[in-house]
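Below is one structure, written out as structure tokens; comments come after it.
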Amino acid sequence: MSETTEAWRPTVHGANIGHSSAWMAHRKVALDLHRMLNEGDCDRALIDAPYTVMALRHVLRGVEMTRKHLKTEAARELLSEALAAFDRAVPGGKSARDVIEHFDEYSMGIGNLQQPQVSRTKDRVPDDELSEAFNHRLEWEREGDTRRPVYVAGPYRVDLEVAEEAAFRLVCDAYEAQRGSLRG
């Protein structure tokens, strides 16, 4: 343990703050998934699922903050690769989060992904077909005797088991990048 008389300053510890935030968000994802798979409470699963997708975005933001504040290029590159791996494992995750978070627009058919050709939201015309095409819901996919929770937000499908595992790997990579950055 190091001894110092200097006060702890958050502005110097962005990597730590980012990693801690990512870790906490991952714990929420893992807890939600555990409850969905083991408690059998359908109402709770329906309520937890969209916020689980939103917590995945917080994992990404925390890791992106960690990357931004790392001291070595090698450590930043490790996290860039890890973030790209997450995006490959959870394609459409950010877009699914956008549909959930901006439900007020997407339920009217005026979301950014629904009418990208109209740059200003206030100039978009409500559209029932687009609204229906971008509804969001929890589905359960069957694989033999097991069920997997998948959150569907419009055309985006987030397999919550795959996403949790990818988020865990990402948080671990952020930890390793931090350790490497301190040594480098």
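Structure summary
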| read-out | value |
| --- | --- |
| Number of the condition not met by Phe86 [criteria: (1) open to solvent by 40 Å² or more (accessible area, probe 1.4 Å); (2) of a type outside the set (Val, Ile, Thr); (3) in contact (Cβ under 8 Å) with a residue 60 or more places away in the chain] | (1) |
| Any hit, segment 124-132, residues being over 16 Å from Ala55 (Cβ atoms) and within 21 Å of the chain's Cα centre (by Cα) | no |
| Lone qualifier among Ser119, Ser131 - being out of contact with any Cys (no Cβ under 7 Å at 6 or more places or on another chain), crowded, with 17+ Cβ neighbours inside 10 Å and farther than 20 Å from His58 by Cβ | Ser131 |
| Every pair of residues 6+ apart whose Cβ atoms lie under 7 Å, when the first sits in segment 18-44 and is more than 19 Å from Arg61 (Cβ to Cβ) and in contact (Cβ under 8 Å) with a residue 40 or more places away in the chain while the second is among the acidic types (Asp, Glu) and part of a helix (DSSP H, G or I) | Leu33/Glu161; Leu33/Glu164; Met36/Asp48 |
| Subset of segment 75-113 [outside any helix (DSSP H, G or I) and modelled with pLDDT under 95] | Gly92 |
| His69 over 18 Å from the mean Cα position of the chain (by Cα) and open to solvent by 70 Å² or more (accessible area, probe 1.4 Å) | yes |
| Residues satisfying the stated conditions in segment 136-183, i.e. touching a Lys or Arg at 6+ places or on another chain (Cβ under 7 Å) and in a strand (DSSP E or B) | Trp140, Glu141, Val150, Val152, Asp159 |
| Residue check, Thr52 of a type in the set (Ser, Thr, Tyr), touching a helix residue (DSSP H, G or I) at 6+ places or on another chain (Cβ under 8 Å), surrounded by 14 or more Cβ atoms within 10 Å (Cβ to Cβ) and closer than 27 Å to Glu141 by Cβ | yes |
| Whichever residue in segment 117-135 is in a helix (DSSP H, G or I) and not β-branched (Val, Ile, Thr) and, among such residues, is farthest from Arg97 (Cα to Cα) | Asp123 |
| Given (1) of a type in the set (Ser, Thr, Tyr); (2) over 15 Å from Asp159 (Cβ atoms); (3) part of a helix (DSSP H, G or I), number of the condition Thr52 does not satisfy | (2) |
| Criterion: over 22 Å from Arg57 (Cα atoms) and at pLDDT 95 or above - qualifying residue of Arg124, Arg147 | Arg124 |
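The values are calculated or read from the model by the stated rules, or taken from the named source; none is laboratory data. As the structure is a computational prediction, the values presented were derived from the model and not from experiment. Because the Cβ atoms are built from the backbone with ideal geometry, glycine has one as well, and the counts that use them run over all protein chains shown. Accessible surface areas use protein heavy atoms only, side chains included; no ligands, DNA or RNA. Shrake-Rupley method; radii C 1.70, N 1.55, O 1.52, S 1.80 Å.
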